[in-house]
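Colleague: Okay, here's the structure, questions in a sec.
The values are calculated or read from the model by the stated rules, or taken from the named source; none is laboratory data. Bear in mind the structure is a predicted one, so any value in this text is a computation, not a measurement. Using ideal geometry, Cβ is built from the backbone for each residue, glycine included, and neighbour counts are taken over all protein chains shown.
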Amino acid sequence: MTPIRTVLVVGSGAMGSQIAMVCANAGLTVACTDLDQSALDRAESMLRTRMESNVAKGRMTAAQRDAAFDRLTLTTDRDTAARTADLVIEAAVEKLDVKRSLFAELAALAPDTAILASNSSSFVPSSMASAVPLPERFCNIHFFNPALVMKCVEVVRGPETSDETMAAATAFVEKIGKTPVVLEKEIPGFVANRILGAVRDEALRLLEGGYADVVAIDTACRTALGYPMGPFELMDLTGIDIGYLVKKQRFAESGDPADEPAETVARLVERGDLGRKTGSGWYTYSESGEKQGLNPL
Ligand code: 3HC
(Lines give C-alpha, C1' and ligand atoms only; values in the text may rest on other atoms or scores of the structure.)
Protein backbone atom coordinates (compact mmCIF):
# COMPACT_ATOMS: atom_id res chain seq x y z
CA MET A 1 0.00 0.00 0.00
CA THR A 2 1.54 3.31 -1.10
CA PRO A 3 1.22 5.92 1.66
CA ILE A 4 -0.55 9.11 0.64
CA ARG A 5 1.80 12.10 0.55
CA THR A 6 0.28 14.44 -2.04
CA VAL A 7 -3.37 15.41 -2.01
CA LEU A 8 -5.51 17.38 -4.44
CA VAL A 9 -8.70 18.87 -3.04
CA VAL A 10 -11.09 20.02 -5.76
CA GLY A 11 -13.25 22.88 -4.50
CA SER A 12 -12.27 25.64 -2.09
CA GLY A 13 -15.63 26.23 -0.40
CA ALA A 14 -16.25 25.79 3.32
CA MET A 15 -15.49 22.05 3.15
CA GLY A 16 -12.73 21.86 0.55
CA SER A 17 -10.62 24.67 2.01
CA GLN A 18 -10.69 23.24 5.53
CA ILE A 19 -10.05 19.67 4.32
CA ALA A 20 -6.98 20.98 2.50
CA MET A 21 -5.75 22.81 5.61
CA VAL A 22 -6.22 19.71 7.78
CA CYS A 23 -4.03 17.76 5.32
CA ALA A 24 -1.37 20.50 5.21
CA ASN A 25 -1.34 20.71 9.02
CA ALA A 26 -0.70 16.95 9.10
CA GLY A 27 2.43 17.31 6.94
CA LEU A 28 1.00 16.39 3.53
CA THR A 29 1.59 18.34 0.35
CA VAL A 30 -1.76 19.72 -0.77
CA ALA A 31 -3.21 21.60 -3.69
CA CYS A 32 -6.68 23.08 -3.33
CA THR A 33 -8.23 24.14 -6.60
CA ASP A 34 -11.20 26.13 -7.73
CA LEU A 35 -12.44 27.55 -11.01
CA ASP A 36 -12.20 31.08 -9.85
CA GLN A 37 -9.34 32.95 -8.14
CA SER A 38 -11.66 35.01 -5.95
CA ALA A 39 -12.99 31.82 -4.28
CA LEU A 40 -9.38 30.80 -3.55
CA ASP A 41 -8.60 34.25 -2.13
CA ARG A 42 -11.61 34.02 0.20
CA ALA A 43 -10.55 30.53 1.28
CA GLU A 44 -7.00 31.65 2.00
CA SER A 45 -8.11 34.61 4.05
CA MET A 46 -10.46 32.41 6.13
CA LEU A 47 -7.75 29.77 6.66
CA ARG A 48 -5.17 32.39 7.69
CA THR A 49 -7.59 33.77 10.30
CA ARG A 50 -8.28 30.27 11.67
CA MET A 51 -4.59 29.34 11.82
CA GLU A 52 -3.76 32.69 13.44
CA SER A 53 -6.21 31.80 16.18
CA ASN A 54 -4.54 28.39 16.62
CA VAL A 55 -1.17 30.10 17.04
CA ALA A 56 -2.65 32.64 19.48
CA LYS A 57 -4.11 29.75 21.51
CA GLY A 58 -0.79 27.91 21.59
CA ARG A 59 -2.07 24.96 19.52
CA MET A 60 0.67 25.43 16.95
CA THR A 61 3.76 27.59 16.65
CA ALA A 62 4.08 30.36 14.07
CA ALA A 63 6.78 28.22 12.38
CA GLN A 64 4.39 25.23 12.16
CA ARG A 65 1.70 27.48 10.68
CA ASP A 66 4.11 28.86 8.09
CA ALA A 67 5.30 25.36 7.20
CA ALA A 68 1.68 24.24 6.76
CA PHE A 69 0.98 27.16 4.39
CA ASP A 70 4.17 26.32 2.49
CA ARG A 71 2.77 22.83 1.87
CA LEU A 72 -0.60 24.21 0.73
CA THR A 73 -1.06 25.60 -2.78
CA LEU A 74 -4.32 27.35 -3.63
CA THR A 75 -4.52 27.33 -7.40
CA THR A 76 -6.82 27.43 -10.41
CA ASP A 77 -4.44 25.01 -12.18
CA ARG A 78 -6.25 21.80 -11.31
CA ASP A 79 -4.74 19.72 -14.09
CA THR A 80 -1.10 20.17 -13.08
CA ALA A 81 -1.95 19.31 -9.47
CA ALA A 82 -3.88 16.19 -10.55
CA ARG A 83 -0.83 14.72 -12.34
CA THR A 84 1.11 14.19 -9.10
CA ALA A 85 -1.72 13.44 -6.67
CA ASP A 86 -1.75 10.24 -4.58
CA LEU A 87 -5.27 11.12 -3.47
CA VAL A 88 -7.90 13.37 -5.02
CA ILE A 89 -10.75 14.55 -2.78
CA GLU A 90 -13.62 16.14 -4.64
CA ALA A 91 -15.51 18.77 -2.62
CA ALA A 92 -17.38 20.51 -5.44
CA VAL A 93 -21.06 21.34 -5.81
CA GLU A 94 -23.58 18.62 -4.84
CA LYS A 95 -24.65 17.89 -8.42
CA LEU A 96 -24.10 14.39 -9.74
CA ASP A 97 -23.50 15.30 -13.39
CA VAL A 98 -20.84 17.83 -12.35
CA LYS A 99 -19.13 15.28 -10.11
CA ARG A 100 -19.20 12.54 -12.74
CA SER A 101 -17.62 14.70 -15.40
CA LEU A 102 -15.07 16.02 -12.91
CA PHE A 103 -14.05 12.47 -11.99
CA ALA A 104 -13.84 11.41 -15.63
CA GLU A 105 -11.43 14.31 -16.27
CA LEU A 106 -9.45 13.71 -13.07
CA ALA A 107 -9.07 9.99 -13.77
CA ALA A 108 -7.47 10.82 -17.12
CA LEU A 109 -4.95 13.14 -15.43
CA ALA A 110 -4.07 11.46 -12.13
CA PRO A 111 -1.64 8.52 -11.89
CA ASP A 112 -3.32 5.09 -12.14
CA THR A 113 -2.28 4.43 -8.56
CA ALA A 114 -4.13 7.49 -7.22
CA ILE A 115 -7.22 7.11 -5.09
CA LEU A 116 -10.19 9.15 -6.27
CA ALA A 117 -12.58 10.11 -3.49
CA SER A 118 -15.65 12.24 -3.10
CA ASN A 119 -16.51 14.21 0.02
CA SER A 120 -20.18 13.87 -0.86
CA SER A 121 -22.57 12.18 1.53
CA SER A 122 -25.59 12.30 -0.73
CA PHE A 123 -24.03 10.52 -3.70
CA VAL A 124 -22.84 7.00 -3.01
CA PRO A 125 -19.51 5.81 -4.45
CA SER A 126 -21.08 3.64 -7.20
CA SER A 127 -22.94 6.67 -8.64
CA MET A 128 -19.58 8.34 -9.39
CA ALA A 129 -17.20 5.36 -9.71
CA SER A 130 -18.93 4.28 -12.91
CA ALA A 131 -17.52 7.45 -14.53
CA VAL A 132 -13.89 6.34 -14.03
CA PRO A 133 -11.86 3.51 -15.60
CA LEU A 134 -10.59 2.11 -12.26
CA PRO A 135 -13.60 2.00 -9.91
CA GLU A 136 -11.61 -0.18 -7.49
CA ARG A 137 -9.58 2.97 -6.69
CA PHE A 138 -12.72 4.98 -5.84
CA CYS A 139 -14.39 5.55 -2.46
CA ASN A 140 -16.06 8.35 -0.53
CA ILE A 141 -14.10 10.14 2.20
CA HIS A 142 -16.69 12.28 3.94
CA PHE A 143 -15.72 15.09 6.33
CA PHE A 144 -18.00 17.10 8.61
CA ASN A 145 -18.40 20.83 8.87
CA PRO A 146 -16.31 22.55 10.20
CA ALA A 147 -13.70 20.10 8.95
CA LEU A 148 -10.88 21.75 10.93
CA VAL A 149 -12.76 20.88 14.12
CA MET A 150 -14.94 17.80 13.63
CA LYS A 151 -13.09 14.53 14.27
CA CYS A 152 -15.23 12.06 12.35
CA VAL A 153 -14.49 11.16 8.73
CA GLU A 154 -16.59 8.46 7.07
CA VAL A 155 -14.80 6.15 4.63
CA VAL A 156 -17.33 4.48 2.36
CA ARG A 157 -16.83 1.38 0.25
CA GLY A 158 -18.61 1.13 -3.07
CA PRO A 159 -19.41 -2.25 -4.63
CA GLU A 160 -16.14 -2.19 -6.59
CA THR A 161 -13.81 -0.47 -4.11
CA SER A 162 -10.78 -2.66 -3.40
CA ASP A 163 -9.59 -3.64 0.07
CA GLU A 164 -6.34 -1.83 -0.70
CA THR A 165 -8.17 1.43 -1.43
CA MET A 166 -10.20 1.15 1.78
CA ALA A 167 -7.04 0.45 3.80
CA ALA A 168 -5.16 3.38 2.24
CA ALA A 169 -8.11 5.77 2.71
CA THR A 170 -8.54 4.71 6.33
CA ALA A 171 -4.80 5.09 7.00
CA PHE A 172 -4.95 8.56 5.42
CA VAL A 173 -7.78 9.60 7.76
CA GLU A 174 -5.78 8.41 10.76
CA LYS A 175 -2.66 10.17 9.47
CA ILE A 176 -4.47 13.53 9.38
CA GLY A 177 -5.58 13.09 12.99
CA LYS A 178 -9.23 12.28 12.34
CA THR A 179 -11.37 9.35 13.48
CA PRO A 180 -12.33 7.03 10.62
CA VAL A 181 -15.80 5.52 10.57
CA VAL A 182 -15.85 2.80 7.93
CA LEU A 183 -19.00 1.89 5.99
CA GLU A 184 -18.58 -1.48 4.34
CA LYS A 185 -21.69 -0.99 2.19
CA GLU A 186 -22.96 2.21 0.60
CA ILE A 187 -26.20 3.96 1.59
CA PRO A 188 -27.05 7.62 0.79
CA GLY A 189 -26.27 9.93 3.72
CA PHE A 190 -24.00 7.31 5.31
CA VAL A 191 -24.26 7.10 9.12
CA ALA A 192 -24.04 10.55 10.70
CA ASN A 193 -26.06 12.50 8.13
CA ARG A 194 -28.87 9.95 8.16
CA ILE A 195 -29.22 10.38 11.91
CA LEU A 196 -28.85 14.15 11.59
CA GLY A 197 -31.44 14.20 8.78
CA ALA A 198 -34.00 12.43 10.94
CA VAL A 199 -33.53 15.08 13.64
CA ARG A 200 -33.69 17.93 11.11
CA ASP A 201 -36.87 16.56 9.48
CA GLU A 202 -38.58 16.34 12.87
CA ALA A 203 -37.49 19.90 13.73
CA LEU A 204 -39.00 21.14 10.44
CA ARG A 205 -42.23 19.21 11.08
CA LEU A 206 -42.54 20.81 14.51
CA LEU A 207 -41.88 24.26 13.04
CA GLU A 208 -44.22 23.94 10.06
CA GLY A 209 -46.93 22.38 12.26
CA GLY A 210 -46.81 25.54 14.38
CA TYR A 211 -45.80 23.65 17.55
CA ALA A 212 -42.69 25.66 18.36
CA ASP A 213 -40.52 28.30 16.70
CA VAL A 214 -36.94 28.06 15.43
CA VAL A 215 -35.40 29.44 18.62
CA ALA A 216 -37.44 27.12 20.87
CA ILE A 217 -36.50 24.01 18.89
CA ASP A 218 -32.81 24.93 18.78
CA THR A 219 -32.89 25.70 22.51
CA ALA A 220 -34.49 22.32 23.29
CA CYS A 221 -31.81 20.47 21.34
CA ARG A 222 -29.01 22.35 23.06
CA THR A 223 -30.35 22.37 26.61
CA ALA A 224 -32.25 19.05 26.76
CA LEU A 225 -30.16 16.87 24.47
CA GLY A 226 -26.73 18.44 24.88
CA TYR A 227 -26.31 19.14 21.17
CA PRO A 228 -23.60 21.75 20.54
CA MET A 229 -26.04 23.61 18.27
CA GLY A 230 -29.69 23.22 17.34
CA PRO A 231 -30.83 21.86 13.95
CA PHE A 232 -31.63 25.33 12.53
CA GLU A 233 -28.31 26.76 13.70
CA LEU A 234 -26.62 23.76 12.12
CA MET A 235 -28.45 24.20 8.80
CA ASP A 236 -27.19 27.78 8.77
CA LEU A 237 -23.64 26.51 9.36
CA THR A 238 -23.68 23.78 6.73
CA GLY A 239 -25.66 25.76 4.12
CA ILE A 240 -29.42 25.51 3.65
CA ASP A 241 -28.96 24.88 -0.07
CA ILE A 242 -26.88 21.77 0.65
CA GLY A 243 -29.68 20.06 2.60
CA TYR A 244 -32.17 21.25 -0.02
CA LEU A 245 -30.20 19.72 -2.90
CA VAL A 246 -29.77 16.46 -0.98
CA LYS A 247 -33.53 16.24 -0.42
CA LYS A 248 -34.27 17.05 -4.07
CA GLN A 249 -31.93 14.25 -5.09
CA ARG A 250 -33.56 11.79 -2.65
CA PHE A 251 -37.00 12.74 -3.96
CA ALA A 252 -35.87 12.32 -7.57
CA GLU A 253 -34.70 8.80 -6.69
CA SER A 254 -37.57 7.67 -4.48
CA GLY A 255 -40.60 9.70 -5.65
CA ASP A 256 -41.70 9.55 -1.98
CA PRO A 257 -43.32 12.88 -0.96
CA ALA A 258 -41.71 12.47 2.49
CA ASP A 259 -38.36 13.03 0.75
CA GLU A 260 -39.35 16.41 -0.74
CA PRO A 261 -37.59 19.47 0.70
CA ALA A 262 -39.64 21.18 3.43
CA GLU A 263 -41.64 24.20 2.28
CA THR A 264 -39.83 26.60 4.61
CA VAL A 265 -36.45 25.36 3.40
CA ALA A 266 -37.49 25.83 -0.25
CA ARG A 267 -38.63 29.38 0.56
CA LEU A 268 -35.28 30.30 2.12
CA VAL A 269 -33.38 28.81 -0.84
CA GLU A 270 -35.55 30.73 -3.34
CA ARG A 271 -34.80 33.96 -1.44
CA GLY A 272 -31.07 33.22 -1.43
CA ASP A 273 -31.02 32.99 2.38
CA LEU A 274 -28.59 30.08 2.48
CA GLY A 275 -27.22 30.41 6.00
CA ARG A 276 -24.04 31.91 7.42
CA LYS A 277 -22.35 32.11 4.03
CA THR A 278 -24.94 34.60 2.74
CA GLY A 279 -25.38 36.44 6.06
CA SER A 280 -28.90 35.10 6.59
CA GLY A 281 -30.69 31.77 6.80
CA TRP A 282 -32.94 30.82 9.69
CA TYR A 283 -31.08 33.54 11.58
CA THR A 284 -29.32 36.70 10.45
CA TYR A 285 -25.58 37.27 10.99
CA SER A 286 -23.33 40.29 11.24
CA GLU A 287 -20.37 40.81 8.88
CA SER A 288 -18.11 39.18 11.48
CA GLY A 289 -20.40 36.12 11.70
CA GLU A 290 -22.13 36.93 15.01
CA LYS A 291 -25.69 35.65 15.19
CA GLN A 292 -28.06 38.65 15.30
CA GLY A 293 -31.62 37.36 15.45
CA LEU A 294 -34.33 35.45 13.63
CA ASN A 295 -34.78 35.94 9.90
CA PRO A 296 -38.56 36.32 9.38
CA LEU A 297 -39.88 33.58 7.08
N1 3HC B 1 -14.67 26.75 10.89
C2 3HC B 1 -13.57 26.40 11.59
N3 3HC B 1 -13.55 26.42 12.94
C4 3HC B 1 -14.66 26.79 13.56
C5 3HC B 1 -15.84 27.16 12.88
C6 3HC B 1 -15.81 27.12 11.48
N7 3HC B 1 -16.87 27.43 10.73
N8 3HC B 1 -16.78 27.48 13.79
C9 3HC B 1 -16.21 27.33 15.00
N10 3HC B 1 -14.95 26.92 14.85
C11 3HC B 1 -13.99 26.66 15.88
C12 3HC B 1 -13.79 27.92 16.67
O13 3HC B 1 -12.80 28.72 16.08
C14 3HC B 1 -13.37 27.38 18.00
O15 3HC B 1 -12.01 27.10 17.96
P16 3HC B 1 -11.11 27.45 19.20
O17 3HC B 1 -11.29 26.28 20.09
O18 3HC B 1 -9.78 27.57 18.59
O19 3HC B 1 -11.64 28.72 19.77
C20 3HC B 1 -14.09 26.05 18.14
O21 3HC B 1 -14.53 25.71 16.81
C22 3HC B 1 -15.29 26.17 19.02
O23 3HC B 1 -16.08 27.22 18.49
P24 3HC B 1 -16.96 28.20 19.37
O25 3HC B 1 -16.38 28.27 20.76
O26 3HC B 1 -17.15 29.46 18.61
O27 3HC B 1 -18.39 27.55 19.39
P28 3HC B 1 -18.85 26.11 19.79
O29 3HC B 1 -18.23 25.64 21.04
O30 3HC B 1 -20.34 26.12 19.64
O31 3HC B 1 -18.29 25.16 18.64
C32 3HC B 1 -18.83 24.02 16.67
C33 3HC B 1 -18.59 25.38 17.30
C34 3HC B 1 -17.52 23.21 16.69
C35 3HC B 1 -19.23 24.26 15.23
C36 3HC B 1 -19.90 23.28 17.50
O37 3HC B 1 -21.01 24.12 17.68
C38 3HC B 1 -20.38 22.00 16.88
O39 3HC B 1 -19.76 20.96 17.05
N40 3HC B 1 -21.52 22.08 16.18
C41 3HC B 1 -22.08 20.92 15.51
C42 3HC B 1 -21.40 20.76 14.17
C43 3HC B 1 -21.94 19.59 13.44
O44 3HC B 1 -22.91 18.93 13.80
N45 3HC B 1 -21.30 19.32 12.31
C46 3HC B 1 -21.76 18.30 11.41
C47 3HC B 1 -22.58 18.94 10.38
S48 3HC B 1 -23.19 17.82 9.19
C49 3HC B 1 -22.03 17.81 8.02
O50 3HC B 1 -21.03 18.46 8.07
C51 3HC B 1 -22.30 16.88 6.89
C52 3HC B 1 -21.88 17.42 5.55
O53 3HC B 1 -22.21 16.43 4.61
C54 3HC B 1 -22.51 18.76 5.20
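Colleague: Kindly establish whether A169 is within 9 Å of the ligand (Cβ to nearest atom) and touching a strand residue (DSSP E or B) at 6+ places or on another chain (Cβ under 7 Å).
Modeller: no
Colleague: Evaluate region 252-264: report whether one residue or more is surrounded by 15 or more Cβ atoms within 10 Å (Cβ to Cβ), of a type in the set (G, A, S) and under 20 Å from the mean Cα position of the chain (by Cα).
Modeller: Filtering region 252-264 down to residues surrounded by 15 or more Cβ atoms within 10 Å (Cβ to Cβ) leaves 259-262, 264.
Next, only the ones that are of a type in the set (G, A, S) stay: 262.
Among the residues that remain, those that are also under 20 Å from the mean Cα position of the chain (by Cα) are: none.
Within region 252-264 (the criterion being surrounded by 15 or more Cβ atoms within 10 Å (Cβ to Cβ), of a type in the set (G, A, S) and under 20 Å from the mean Cα position of the chain (by Cα)), the answer is no, since none of the residues qualifies.
Colleague: Determine whether region 180-198 contains at least one residue that is among the aliphatic types (A, V, I, L, M), under 27 Å from K277 (Cα atoms) and surrounded by 21 or more Cβ atoms within 10 Å (Cβ to Cβ). I'd like the intermediate steps shown before the answer.
Modeller: Start the filter on region 180-198 by keeping residues that are among the aliphatic types (A, V, I, L, M), which leaves 181-183, 187, 191-192, 195-196, 198.
Adding the requirement that they be under 27 Å from K277 (Cα atoms) leaves 191-192, 195-196, 198.
Still in the running and surrounded by 21 or more Cβ atoms within 10 Å (Cβ to Cβ): none.
So far as region 180-198 goes, no, none of its residues is among the aliphatic types (A, V, I, L, M), under 27 Å from K277 (Cα atoms) and surrounded by 21 or more Cβ atoms within 10 Å (Cβ to Cβ).
Colleague: While we're here: Quick check, is L102 within 23 Å of G239 (Cα to Cα), assigned by TED's automatic domain parsing to the domain that holds D77 and more than 16 Å from the ligand (Cβ to nearest atom)?
Modeller: yes
Colleague: Could you say which residue among D41, D66 is acidic (D, E), in a helix (DSSP H, G or I) and farther than 27 Å from E287 by Cβ? Reasoning before the result, please.
Modeller: Numbers: D41 fails: farther than 27 Å from E287 by Cβ.
Answer to the selection: D66.
Colleague: Continuing with the same structure: So I89 fits all but one of (1) crowded, with 21+ Cβ neighbours inside 10 Å; (2) more than 15 Å from the ligand (Cβ to nearest atom); (3) assigned to a strand (DSSP E or B); what number is the exception?
Modeller: If we test I89 against (1) crowded, with 21+ Cβ neighbours inside 10 Å; (2) more than 15 Å from the ligand (Cβ to nearest atom); (3) assigned to a strand (DSSP E or B), just (2) comes out false.
Colleague: Separate question: Find all pairs meeting these conditions: Cβ atoms under 9 angstrom apart; at least six residues apart or on different chains; first residue within region 39-53 and among the aliphatic types (A, V, I, L, M) and more than 13 Å from the ligand (Cβ to nearest atom); second residue at pLDDT 95 or above and in a helix (DSSP H, G or I).
Modeller: Sorted first by the residue in region 39-53, then by its partner, the pairs are A39/S17; L40/S17.
Colleague: Still on this structure, I have one more. Can you give me the ranges of the helices (runs of 4 or more DSSP H) entirely in region 202-297 with at least 1 residues that are within 15 Å of the ligand (Cβ to nearest atom), in contact with a strand residue (DSSP E or B) (Cβ under 6 Å, 6 or more places away or on another chain) and under 24 Å from S121 (Cβ atoms)?
Modeller: In region 202-297, 231-238, 240-254 are the helices (runs of 4 or more DSSP H) which contain 1 or more residues that are within 15 Å of the ligand (Cβ to nearest atom), in contact with a strand residue (DSSP E or B) (Cβ under 6 Å, 6 or more places away or on another chain) and under 24 Å from S121 (Cβ atoms).
Colleague: When only residues in region 108-133 that are farther than 22 Å from A171 by Cα and aliphatic (A, V, I, L, M) count, which is surrounded by the most Cβ atoms within 10 Å (Cβ to Cβ)?
Modeller: Narrowing region 108-133 to residues farther than 22 Å from A171 by Cα: 108-109, 122-123, 127-128, 130-133.
Next cut, aliphatic (A, V, I, L, M) only: 108-109, 128, 131-132.
On the way: A108: 11, L109: 17, M128: 25, A131: 20, V132: 19.
This residue is M128.
Colleague: Here is a list: V132, V173, V153. Which entry is farther than 23 Å from G230 by Cα and within 17 Å of the chain's Cα centre (by Cα)?
Modeller: On inspection, the qualifying residue turns out to be V173.
Colleague: Please give the number of the condition I187 fails out of (1) in contact (Cβ under 8 Å) with a residue 60 or more places away in the chain; (2) assigned to a loop (DSSP other than H, G, I, E, B); (3) within 13 Å of the ligand (Cβ to nearest atom).
Modeller: Failed condition: (3).
Colleague: Go through (1) in a loop (DSSP other than H, G, I, E, B); (2) within 20 Å of the chain's Cα centre (by Cα) and name the single condition A20 misses.
Modeller: All conditions pass for A20, except number (1).
Colleague: Here is a further query. Of everything in region 97-117, what is touching a residue at least 60 places away in the same chain (Cβ under 8 Å) and not in a helix (DSSP H, G or I)? Give them in sequence order.
Modeller: Within region 97-117, A110, T113, I115 meet the criteria.
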